Amino acid sequence: MLELRDVTRRFGETTVLHGISLTVVDGSFTSLLGPSGCGKSTTLRIMAGLDRPTAGQVLIDNRDVAELTAAQRNVAMVFQSYALYPHLTVAQNIALPLVMRHMNRFERAPLFDRILPSARVKQAGHRAQVGAVAEMLGITELLDRKPAQLSGGQKQRVAVGRALVRDPSLFLLDEPLSNLDAKLRVQMRGELTALHRRTGRSFVYVTHDQAEAMSMSDRIAVFIDGRIAQAGSPRTLFERPVSRTVAAFIGSHPINLLDVGAARGELEDPFGGFWPVGGEVPARLTIGIRPEHLSVVETRPAFAGHVAAIEYLGAEMLVTVRFPGGAELRALAPGEGSLPAIGQPIGLDLDPARAHLFDPLSGERLDLGLERKP
Amino acid sequence: MRPLLTRAWRETVTDMWLAGPATLAMLVLIFIPVGIVAILSVTDYQFGARSFRWVGVDNYVTLFTDPIGRRALVNTLIYVAVVIPFSMGLALAVALGLHRLAAWWPWLSSLLRAAYFLPVAATLVAMAIAWQMLLHPNIGLVNSTLAAIGLPGRDWLSDRGLVLYTLAAIGIWQTVGYNMVLFLAGLSAIPQHLYDAAAVDGADRGWDRFWTVTWPMLGPTTLFVAVITATNAFQVFETVATLTRGGPAFASDTLVYALYREGFVYFKAGYASAITMVFFVVVVVLTLLQFRVLERRVHYR
C-alpha cells in the first residue's frame, strides 16, 4: 500500500503541490487525472522517488520511504517518451534492471561479463526472464533490434516490458499512451488493464484524458491546481462531482453549466418549470446538466427553445438548443432519429435527479435537488 | 510574349548563379593550390630559382628516411598521442563537473566555464610568452613552486627528453576549454528522462549513471571532439615556433614547423610541398573517418 500524507512540493517560489493526501490500495488501478500543469506528474515522480517532497511523507506499507532511492522502493515506471536506452537492443533494455540489481560491478564490466562463470549463469537467467516477458507482450521477434528501429507502439511495449521484468510492487505510468495514435491508444488501454489483472499489482496511472481514466481505473484522483479536487470511483466522479470544475472535467461531452437566479425559491428561465428543493436556496445557483441526461421530446417538454446547431456524431447527435433569454443547452439525441431543422422549435426533457447544483461563487456542490413543477 | 529561354534553361542559369561562385572560389583557392603543391612536391624547386628538376618521390623518401624528417614525424605523432587522451579526458571531467555545478551554483559554473575557455580565445603566441616566463629554469614560477615543496626544478624547454611533453602540456591546456564547451553542449542534449529511467532501473549512483546513460549518449560528441583535437594537434606550430624553434637539437621539431623551416627559411619549396602533402593526407583521412563513423555507428541505427 502506498500512502501520501500532506505532500507539498515547491520549486522556488511556486508551489506545485498543496498538501496532497492519497492512498493507493494494493492491487488497485488508480488514475491521477488533471489538465497539464496540475501537479499530477510531480506527484508520480515523488511516489517513484525521482523527486522529493518539500514537506509531507511518502509511505509504502506503512514505512516512510523518504531515504530510499527509486530502485530501492521497487517501483517500476513507464515514461511518456518511453525513455529507452538508444544504444542497447530491446533485450538489453529490458534486462537492464535485472543486471543492475543482481550483478555486481565486476560481473557487469565489459569482458568480465563474458569470462566470469557467475556472470554467465546470471545472464542465462536474465535471458529466460526477458524471453518470458517478451512473449507475454508479443515482442519476441524484436529482441535484437535497437529502439530507433521500432514503431511507437512497439517502443511502448518494450518500456512496459522493462517495468514488468523485475516484478515490482508498484507500477507508475506517466501518460504512457499519449504519444500513440488514437486507434493504438484504445488497443493499448485494453492491454494495460489486462496486464493489471494478470499481475495483480497496484498501478498508478497519470493522464490528462478523462476517457482513459474513466475506462481503465477503479479509482481516480482529479488534480486541479496542485490539489486533489476529488478522489473516488469513476461512477462517483460522474454522478456526484464535488465541484463544477470536476463536473466540467469528467464526461466525454462537456456538461451544460448555467448560472441562474433563484430569488424567493423561483428559478429564472429556462428553469421556470422546476423548483430547487432540499434545503436553503441561495440567491443564485449554477446548474449542471450532462447532455446525456437531456432528451428530445415532443409532448410536455421541460424546456422549450429553438434548434441552434446540430452535430452529427454517427451513433448520436449533439443538438444545441437556444432559449428566448439567450441561454443554451446541449442535448444528446439518438443518431438514427430525425430532429427539427435549425431555427425550428424543439422541446427537451430532464430527469431532475440527474441535475447538479453548485454554488456560483465557490463552485462547490450544493446539497440541493431540482423538482419538476406539476 | 514568349520568354527568351525555356524553363529548363532558366533553371540551369539560376543553378549556375547560386553554385557557380562558391565552386569557382573552391577551385581557385583549394583545388588548384593543392594540385600545384602536389606537382611541386616531386621537384627540387627552390624559391626564386629559374628552373627545377623532376625528382620523383625523392622528397618523400627523404622525409621518411632522413633522421630529421623522421624525427619531425615521430614527434608529431607522440605529441598527438599525448594531447588527444589528456585533453579529452580532462575536458570531459571538467564538463561533467561544471554541468553538475550549474544546477546548484549557476554563476560559479559560468564563471569557471569562461575561465577554462580563456586559453582558447587568447592569442597563443602571446600566451607562449607567459609560458616562457612561467617555465624559466631559474626565475620561473613553476620551478620556484617545485623548489618550495622540496622538488628539484627542471629545464622544461631545453631538456631534450622533456621539451616535447612540455609543449604537449601547453597544447592540452589550450584545447581543454574548447573540448569542454563541446562536451557541455553534448551533456545538455542528453534527455533527463533517460536519467530518470536509469534511476528507476537501479543505475542511480554516479558511476553506473555515467556508463548507462552519459557515456553512450555522448558518443557522437566524443568522436567529434576526438577528430577536432587530432586535427588541431597535428597542426601544432605556434608554441614550437615561439618557445623552442624545434630545438634543442630537433627534439621538439614537428611536421608543420619543419614545413615552415624548409619552405620559408631554407626556401626548399619542393621538400616543403612534400611535407604539406603528407599533412594534407592526414587531415583528409581524419575528416573522412569522422564522416564515416559519425554517420554509421554513433546515431544508434
Quick one: order A:Phe11, B:Phe264, A:Phe223 from most to least accessible surface, probe 1.4 Å.
-> B:Phe264, A:Phe11, A:Phe223
Determine the dipole magnitude for the stretch A:253-372: charges of +1 sit on the beta-carbon of Lys and Arg, -1 on that of Asp and Glu, nothing else is charged, the reference point is the Cα centre, and the result goes in debye to the nearest 20.
-> 120
Stretched out fully, how many nm does the piece from B:Phe267 to B:Val284 gain, at 0.36 nm a residue minus the Cα gap?
-> 3.5 nm
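With +1 assigned to the C-beta of every Lys and Arg and -1 to the C-beta of every Asp and Glu, and no other charges, what is the dipole magnitude of the stretch B:1-140 about the Cα centre in debye, to the nearest 20?
Details: 9 positive and 5 negative charges, 61 e Å.
With Lys and Arg at +1 and Asp and Glu at -1, about 300 debye.
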With the solvent-accessible surface defined on protein heavy atoms using a 1.4 Å probe, which residues belonging to the stretch B:153-202 display a reduction of at least 10 Å² in accessible area in the multichain context relative to the isolated chain?
-> B:His193, B:Leu194, B:Asp196, B:Ala197, B:Ala199, B:Val200, B:Asp201, B:Gly202
If the viscosity is 0.890 mPa s and the temperature 25 °C, what translational diffusion coefficient in µm²/s does Stokes-Einstein give for the stretch A:95-176 when Rh comes from Kirkwood over Cα pairs?
-> 177
Looking only at aspartates and glutamates whose Cα falls under 19 Å of A:Lys146's and that sit 8 or more positions away or on another chain, we get A:Glu135, B:Asp201, B:Glu295
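Once the convex hull of the C-alpha atoms of the stretch A:253-372 is built, how many Å³ does it hold per residue, rounded to a whole number? Mind showing how you got there, number by number?
Values: hull volume 11.8 nm³, N = 120.
Per-residue hull volume (Cα only) is 98 Å³.
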Any idea of A:Ser81's accessible area? Nearest 10 Å², probe 1.4 Å.
-> 50
Label-to-label distance, nm, for residues given as A:Asn104 and B:Ala130 (7 Å Cα→Cβ offset) = 4.9
Would you list, by chain and number, the lysines whose Cα falls below 21 Å from the Cα of A:Lys183, excluding same-chain residues fewer than 8 positions away?
-> A:Lys155
Stokes-Einstein D in µm²/s, Kirkwood radius over Cα pairs - chain A at 37 °C with 0.692 mPa s viscosity | 138
Size descriptor, Kirkwood hydrodynamic radius, that averages inverse alpha-carbon separations across the stretch B:69-225, Å = 18.0
Could you give the nm distance between label points at A:Asp225 and B:Phe237, where each point is 7 Å from its Cα heading toward the beta carbon?
-> 6.7
With x for Gly and Pro, the residue-by-residue ³J(HN,Hα) of the stretch B:139-150, computed from phi through the Karplus equation 6.51 cos²θ - 1.76 cosθ + 1.60 at θ = phi - 60° and given in whole Hz, is 9, x, 5, 4, 5, 5, 5, 4, 4, 5, 9, x
Could you tell me the largest-minus-smallest coordinate of the C-alpha atoms of the stretch A:1-105 on each of the three principal axes, in descending order and whole angstroms?
-> 41, 30, 29
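In square angstrom and rounded to 100, what buried accessible area do you get between chains B and A, total over both, with the probe at 1.4 Å?
Numbers: alone 18330 and 18310 Å², together 34780 Å².
So the total buried area for this chain pair works out to about 1900 Å².
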What does the accessible area per residue of the stretch B:26-138 come to in Å², with a 1.4 Å probe and no ligands, DNA or RNA counted?
-> 64
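From largest accessible area down, sort A:His126, A:His87, A:His306, B:His136; use a 1.4 Å probe on the protein chains. Don't skip to the answer; put the middle values down first.
Working: A:His126 15, A:His87 40, A:His306 90, B:His136 70 Å².
So, going from the largest accessible area down, we get A:His306, B:His136, A:His87, A:His126.
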Give me the percent of the accessible area of chain B that comes from carbon and sulfur atoms, probe 1.4 Å, all protein chains in place.
-> 70
Rounded to the nearest whole number, the Stokes-Einstein translational diffusion coefficient of the protein assembly as shown at 20 °C and 1.002 mPa s (Kirkwood radius, C-alpha pairs) in µm²/s is 66
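Quantify, in whole percent, the carbon and sulfur part of the accessible surface of the stretch A:2-239 (1.4 Å probe; protein heavy atoms only).
Ligands and nucleic acids excluded, carbon and sulfur reach 50 percent.
On average, how much accessible surface per residue is there in chain A, in Å², for a 1.4 Å probe, leaving out ligands, DNA and RNA? Let's see the in-between values first.
Working: 17410 Å² over 374 residues.
Result: 47 Å² of accessible area for each residue.
The values are calculated or read from the model by the stated rules, or taken from the named source; none is laboratory data. Predicted model only: the values in this text are computed from it and were never measured. Using ideal geometry, Cβ is built from the backbone for each residue, glycine included, and neighbour counts are taken over all protein chains shown. We work out accessible area using only protein heavy atoms, side chains counted, and drop any ligands, DNA or RNA first. Shrake-Rupley method; radii C 1.70, N 1.55, O 1.52, S 1.80 Å.
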